[in-house]
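Here the structure is laid out as structure tokens; the discussion comes afterwards.
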Amino acid sequence: MDRSLQPLFQKTLAFNLPISERIPLTGSSELLYLPSSVGEAVKIEFVFEAGRYFENKSGVAQFLVHMLDKGVAGKDANQIANLLDYYGAHLEVQAGFDFSSVSLYTLRKNVKKLLPLLLSIISAPEFPEKELTNYRKIFIENLKVNLEKNSFIASNVIRKNIFGIHPYGSSIQVDDAEQIDVADLRLFFKGHFQPFKVFVVGTLEKDDLQYLTKNIEGTPKTEARENRPLNNQSPSKEIFQGPNKIQASLKLGRTTIPRNHPDIPGVQLVNHLLGGFFGSRLMKNIREEKGLTYGIHSSVHNMQDAASLTISADVNADKLEIALDEIQKELRQLYSVTESELEIAKNHLIGSFQNDITTVFAAGERIKTIILSNLQPDYYQNLINRISEIQTDTLKMISGKYFDPEAFSVVVVK
């Protein structure tokens, strides 16, 4: 091999997700098993339809997942933490807009020792009053710190302006946190932590997999997901006085189409061209040429019932209007894309999708998205194929239809 010669460039559109096994459980639950021949690490994740969408009291989902490992029968919070530490394991909890999840990361040889604890945590938590008081104090202190950041305030306001009076537009306030009690946690747990899906990434011993499937109890889903309609919000511009007077946080946002819409390949590509990678138009203009910010980006955020498109940047307060003008200019000029610019954006976007499945855990995340969003198994392969076929005339249509600067709400905190 002559290492002085650059290897030939090979372009591929392949998106080869590994095949997972779907194992039905009791009730409406199921287990997705994705074994791996590489490494000893295992991730066992329980996903519940128990995000903010289902709250009747703001903050309950967030508080509940962080209280799950604070006490079970026979073990308090310290004993649970010590047991996880002893085996080098890590428990991760998340509360999103639609789903809440509990994930155990451990080595295959330790799964047998930790499965009983994990199943107790997700099925019979005790929610000790003392631990709730401690978590509430920590949460409120962290929230107060975040409320001193212009970007945090702007993120909350732009979601509210996009989605209005809807769970997707809500944010937890200090008063909300102060009112959550143990009864709220127990009620929410009882109503929303059954049924669930389990995602296992990494190889389990045969008896561990059997133990897991036999000891998970799911109940039939008796109620359909409550419909919470979105009210279309009119575009607005709001300016707030924030704690940081030197740097301003700038957010633009609007609703957009869901993952399964026919135009989504074009929206993904235009978003990438606009502000989805380091070579995007917003980065070149506002960061590299104008020097107005260290970083600016645009992104598409998907929930179960809606999606949003946002543009975010932190700029010097005295350069705010210049930055906003330049962002809106780039939105208006999206139609003027060259063939070479389009090809670069395509290749980078397709490559980013392909890079997302270079490890079994990353591939597991894509499979989880497909399952939870009720997408076809070949969704990402079809998405890549359609992105590769987009031409400039389609890009112009998408830009005018979904990236009109007049359709964006603007929030400034300075």
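Here is how the numbers come out for the structure above:
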item	result
Test: residue in region 400-411 that is at pLDDT 95 or above and touching a Phe, Trp or Tyr at 6+ places or on another chain (Cβ under 6 Å)	no
Residues of region 378-410 satisfying the condition of being free of Cβ contacts under 8 Å to residues at least 24 places away in the same chain and over 17 Å from Ile264 (Cβ atoms)	Asp393
Test: residue in region 5-24 that is closer than 30 Å to Asn385 by Cα, among the basic types (Lys, Arg) and modelled with pLDDT under 90	yes
Failed criterion for Thr369 (all others in (1) touching a residue at least 40 places away in the same chain (Cβ under 8 Å); (2) within 30 Å of Asn232 (Cβ to Cβ); (3) among the polar types (S, T, N, Q) hold)	(1)
Unmet requirement for Ser249, which otherwise passes all of (1) at pLDDT below 90; (2) touching a strand residue (DSSP E or B) at 6+ places or on another chain (Cβ under 9 Å); (3) not basic (Lys, Arg)	(1)
Residue match in region 301-324 (condition: under 18 Å from the mean Cα position of the chain (by Cα), surrounded by fewer than 18 Cβ atoms within 10 Å (Cβ to Cβ), within 30 Å of Phe54 (Cβ to Cβ) and without any contact (Cβ under 8 Å) to a residue 24 or more places away in the chain)	yes
So Ile322, is it among the β-branched types (Val, Ile, Thr) and closer than 30 Å to Asn150 by Cα	yes
Subset tally (residues that are modelled with pLDDT of 95 or more, of a type outside the set (Asp, Glu) and buried (at least 18 other Cβ atoms within 10 Å of the Cβ)) for region 170-183	3
In region 70-86, residue farthest from Phe48 (Cα to Cα) [restricted to those that are surrounded by fewer than 17 Cβ atoms within 10 Å (Cβ to Cβ) and not aliphatic (A, V, I, L, M)]	Tyr86
Residue match in region 112-125 (condition: under 28 Å from Glu205 (Cα atoms), over 21 Å from the mean Cα position of the chain (by Cα), surrounded by 18 or more Cβ atoms within 10 Å (Cβ to Cβ) and without any contact (Cβ under 8 Å) to a residue 40 or more places away in the chain)	yes
Test: residue in region 64-73 that is in a loop (DSSP other than H, G, I, E, B), under 24 Å from Leu107 (Cβ atoms) and either of a type in the set (Asp, Glu) or in contact with a His (Cβ under 7 Å, 6 or more places away or on another chain) (or both)	yes
Among (1) crowded, with 20+ Cβ neighbours inside 10 Å; (2) assigned to a loop (DSSP other than H, G, I, E, B) - the single one Phe199 does not satisfy	(2)
Criterion (acidic (Asp, Glu) and in contact with a helix residue (DSSP H, G or I) (Cβ under 6 Å, 6 or more places away or on another chain)) met by exactly one of Glu126, Glu141, Glu148, Glu131	Glu131
Long-range neighbours under 7 Å by Cβ, at least six apart or interchain, first residue in the same structural domain as Glu49 (by TED's automatic domain parsing) within region 14-37, second part of a loop (DSSP other than H, G, I, E, B) and charged (D, E, K, R)	Thr26/Glu217; Ser28/Lys221
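Residue by residue, here is whether (1) surrounded by fewer than 19 Cβ atoms within 10 Å (Cβ to Cβ); (2) of a type in the set (Gly, Ala, Ser); (3) under 18 Å from the mean Cα position of the chain (by Cα); (4) within 30 Å of Thr12 (Cβ to Cβ) holds:
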{"site": "Ile264", "(1), (2), (3), (4)": "no, no, yes, yes"}
{"site": "Asn271", "(1), (2), (3), (4)": "no, no, yes, yes"}
{"site": "Phe278", "(1), (2), (3), (4)": "yes, no, no, yes"}
{"site": "Glu339", "(1), (2), (3), (4)": "yes, no, no, yes"}
{"site": "Ala363", "(1), (2), (3), (4)": "no, yes, yes, yes"}
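The values are calculated or read from the model by the stated rules, or taken from the named source; none is laboratory data. Please read all numbers here as calculations on a predicted model, not as lab measurements. In this analysis, Cβ positions are derived from the backbone assuming ideal geometry, glycine residues included, and neighbour counts consider all displayed protein chains.
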